[in-house]
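Report on the following structure.
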Amino acid sequence: MELKELRMDMMKSKKSNPERAKVLQAILGAAQLGAKEDGNREATPADIIAAAKKEAKLAQQSKDAGAPYSETTFTVTAEFLPKLMLADELKVTVETIVSGLVKSGVEKSPKMMGQVMKKLKDEYTDLYDGKSASAIVKTVLN
């Protein structure tokens, strides 16, 4: 989503759904602040995704601590976040990476975990859960 679209959505939501507007405003503010701190530039879709992740993480921390939080935050931030791979998709991806490394001459062993995780991070950033990926890589390499 572009910055302009986010602003428009926020403005439309102010009267019809103030709680949604508040979450959108927080995402907008965090995205703009991040962009400003990174060379005083206009916020990009990547900044918006990072801001949405941050808001979701803060809401989860509040929930875990028993502090007040809004379910709306989780709903709204999910709209901005890329969809994560399912476990089966992640396993196929890991197997493909391992196969590629083996073909390039690397011996398959648990020691190649770092290489596999680096390749996952480089090529599939934000598309997988780190804990799940780590467990799947361990399983595939053993």
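For this structure, a couple of remarks:
- All positions within the range 1-26 that are within 14 Å of Ser70 (Cα to Cα) and either surrounded by 14 or more Cβ atoms within 10 Å (Cβ to Cβ) or touching a residue at least 24 places away in the same chain (Cβ under 8 Å) (or both): Asn17, Glu19, Arg20, Ala21, Lys22, Val23, Leu24, Ala26
- All of Ser62, Ser70, Ser134, Ser109 fail the test of being in contact with an Asp or Glu (Cβ under 9 Å, 6 or more places away or on another chain) and either open to solvent by less than 40 Å² (accessible area, probe 1.4 Å) or closer than 30 Å to Arg20 by Cβ (or both), apart from Ser70.
- Complete set of residues in the range 109-142 that are of a type in the set (S, T, N, Q) and either closer than 14 Å to Val92 by Cα or not in a helix (DSSP H, G or I) (or both): Ser109, Thr125, Ser132, Ser134, Thr139, Asn142
- Criterion: open to solvent by less than 90 Å² (accessible area, probe 1.4 Å) and within 20 Å of the chain's Cα centre (by Cα) - qualifying residue of Lys57, Lys119: Lys119
- Residue match in the range 34-46 (condition: open to solvent by less than 80 Å² (accessible area, probe 1.4 Å), in a helix (DSSP H, G or I) and touching a residue at least 40 places away in the same chain (Cβ under 8 Å)): yes
- Pairs, first more than 18 Å from Lys131 (Cβ to Cβ) and assigned to a helix (DSSP H, G or I) in the range 88-104, second charged (D, E, K, R) and open to solvent by 30 Å² or more (accessible area, probe 1.4 Å), C-beta under 7 Å, six or more apart: Val98/Lys108; Val102/Lys108
The values are calculated or read from the model by the stated rules, or taken from the named source; none is laboratory data. Quick caveat, the model's predicted, so the values are computed rather than measured. Quick reminder, even Gly has a Cβ in these numbers, built from the backbone with ideal geometry, and neighbours come from all protein chains shown. To get the accessible areas, we keep the full protein, side chains included, count just its heavy atoms, and leave off ligands, DNA and RNA. Shrake-Rupley method; radii C 1.70, N 1.55, O 1.52, S 1.80 Å.
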